[in-house]
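Asks: Mind looking over this structure? Questions follow.
Just so you know, all these numbers are worked out from the coordinates, no wet-lab data involved. All of these numbers come straight from a predicted model, not from anything done at the bench. Glycine also receives a Cβ, built like all others from the backbone with ideal geometry; neighbour counts cover every protein chain displayed.
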């Protein structure tokens, strides 16, 4: 079991190392040797220099760091020396990297030529091994450079640098090369924006190529013969086409990123709008449902409050009222019968019927009435009760009167009898 675990761990480590190596290889392919020296910066420094010696100092000054080349791989930026070859009105300035003792590699040449009308044309030509074929920049300076005045003088001596391997000027201190992207950001600061740098693919001077062949150095090409620009980039001719392709790929990536972000934002907005509308609809439906439910509950509660409490009142009060009325009628009828002192058998039979009317079940099954009807019924019952109470008060009075009058009548009859007797006795006597 332990052996299997160790094998799995070793396999995982091997895959991780392979992935790291592949990532490093891809990163190396993204940069190129030509990225480490911008020829537009070289042309800008050439126009700002007083002479070729000043020009060489500017190329190697650690303050500017115009170059970022490390061809010999010693992790130090190579020193660039300047030599010159002259023929009549044509000056060829050669920039070489010092790689070892008596080992040099040409980086670029500057062709300076004056025509018959005293017009000076300058072309910066990149080395074909590093930059590809016909990679040429033609600067147009806003102000005529001072260095021109030093080229066409009597008894002119071509410039030849005396510095070499481990023999450098005091101002020079080697520095560690930067990544290519950082170098490009740094060197753009030292390109004079007042000048124009036109790209061309043909050399104006027919003498300059011939002059250059006599002073050519290719020490780096001998060390790495299979690393020329044409072999590094088989689908482009020179560095300019490589830059154009890079710019196109960047624009494509930006457009794709912009389209993706726009699509994402639009989809997010659409989804958010749909969600908002859905939430709004849901909220509106919920609000309307709650309102309907609340209205229904209020209506049902109001109906329940109006009907439920009134039903027992109406059911109980109505028979009570009617029973009171019946009892009142019966009492009145009974009192009248007593007052007349002639109770009949029919009246005695009707008295239990009134009791039956008191508990009549038919009153409970009546249709429900409204609150106003109950109120009017209660008012009518109150009025009937008032009238009944009045009748009740009058009925005892009548019964009392009838009772009082009855003994008087009885007393009057004996008196009448006594009177008649007295009258008869008197007559008799």
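Asks: Note the full-extension length gain between residue 115 and residue 207 as 0.36 nm times their separation in residues minus their Cα-Cα distance, in nm to one decimal.
Replies: Net length gain for the segment: 31.9 nm.
Asks: If you build the convex hull over the alpha carbons only and average its shadow over all orientations, what do you get for the range 125-251? Give it in nm² to one decimal.
Replies: That works out to 11.6 nm², a quarter of the Cα hull's surface.
Asks: Would you mind ranking 91, 196, 233 by Cβ crowding within 10 Å, fewest neighbours first?
Replies: 196, 233, 91
Asks: Would you mind computing, in nm to one decimal, how far apart the modelled labels at residue 128 and residue 13 are, each placed 7 Å from Cα along Cα→Cβ?
Replies: 5.0
Asks: Here is a further query. Classify the range 70-111 as rounded, prolate or oblate, taking a ≥ b ≥ c as the square roots of the eigenvalues of its Cα gyration tensor: rounded when a/c is under 1.5, otherwise prolate if a/b is larger than b/c and oblate if not.
Replies: Judged from the Cα gyration tensor, the range 70-111 comes out prolate (a/c at least 1.5, a/b above b/c).
Asks: In nm², what is the average projected area of the convex hull enclosing the Cα atoms of the range 150-213?
Replies: Averaged projected area of the range 150-213's Cα convex hull equals 8.6 nm².
Asks: Treat the count of other C-beta atoms within 10 Å as a stand-in for reagent exposure and order 220, 212 from fewest to most.
Replies: Exposure proxy ranking, most exposed first: 212, 220.
Asks: Let me ask another. Treat each spin label as a single point 7 Å out from the Cα along the C-beta direction, and report the residue 65 to residue 88 distance in nm.
Replies: Calculated label separation equals 4.5 nm.
Asks: Got a sec? Which residues in the range 96-134 would a label at residue 236 touch, if it sits 7 Å along Cα→Cβ and we count backbone N under 16 Å?
Replies: Label zone hits: 126-134.
Asks: What is the range 32-237 by shape, rounded, prolate or oblate, if you read a ≥ b ≥ c off the alpha carbon gyration tensor as root eigenvalues and call it rounded for a/c under 1.5, prolate for a/b larger than b/c, and oblate otherwise?
Replies: It is rounded, given that a/c, with a ≥ b ≥ c, falls under 1.5.
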